[in-house]
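Worksheet for the structure shown next.
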Amino acid sequence: MRSSYKRIPCRDQDGQRAGQQPFYCEANGCHEDMEEDADLKLLERRKLDELRKRMKAAAPPPKHEKTDREVVEGMLYDRGDEVLEAAYSFYPKETEKLVKELATMIRGGRLTEKIAGGELFSIFRQLGLRFRLNTSIRVMDQGKLVDLSEKLGRMNKE
């Protein structure tokens, strides 16, 4: 069965013959079909780009890498944070070097146990970095916590 369309030579937009070889197309707009294909491809490309943007937005943000100080502070207990803060106030450059080394050891798995404040203080003293910590001894006196110096002062007055 023959097509009901008349086959005529295809012409470009200026009315000239398309190419040197005769190219036949259906009578009602072969150029429109090619333009529709290009439009479809453009739409597909736009939708794919949109999907890629959505995927990037939906992807979890990259994890924030902890600083060396944050890594070390996570391993401290028993007033270790106070010792570290005091060390930074007296010896900032030297403390930064020690913190960097401790963080390297923690990340490498060579240091797995938590570090007490006394141990950290001892490390600084062994390195020759001596500093004072504000300390107070508190005792129970008549159901209240009182500094030892206050209690001894009261006892001397009595």
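Being without any contact (Cβ under 8 Å) to a residue 40 or more places away in the chain, hydrophobic (A, V, I, L, M, F, W, C) and not in a strand (DSSP E or B), is that true of even one residue in segment 77-84?
Yes, segment 77-84 has at least one match.
What is the one condition in (1) in a loop (DSSP other than H, G, I, E, B); (2) within 26 Å of the chain's Cα centre (by Cα) that V71 does not satisfy?
For V71, the failing item is (1).
Looking at G128, is it farther than 20 Å from Y77 by Cβ and either under 32 Å from the mean Cα position of the chain (by Cα) or in a loop (DSSP other than H, G, I, E, B) (or both)?
When the stated conditions are applied, G128 passes them.
Quick test for you: out of L48, L40, pick the one residue that is modelled with pLDDT of 90 or more, assigned to a helix (DSSP H, G or I) and over 24 Å from the mean Cα position of the chain (by Cα).
L48
List pairs: first in segment 98-127 and surrounded by 13 or more Cβ atoms within 10 Å (Cβ to Cβ), second among the acidic types (D, E), Cβ under 6 Å, 6+ apart or cross-chain?
Listed pairs, sorted by first residue: V99/D68; K100/D68; A103/D68; A116/D78; G117/D78.
Could you tell me which of the residues S122, S136, S149, S89 is assigned to a loop (DSSP other than H, G, I, E, B) and of a type in the set (G, A, S)?
The match here is S136.
The values are calculated or read from the model by the stated rules, or taken from the named source; none is laboratory data. None of the values given here were measured: they were computed from a predicted structure. Don't worry about glycine lacking a Cβ; one is built from the backbone with ideal geometry, like all the others, and counts go over all protein chains shown.
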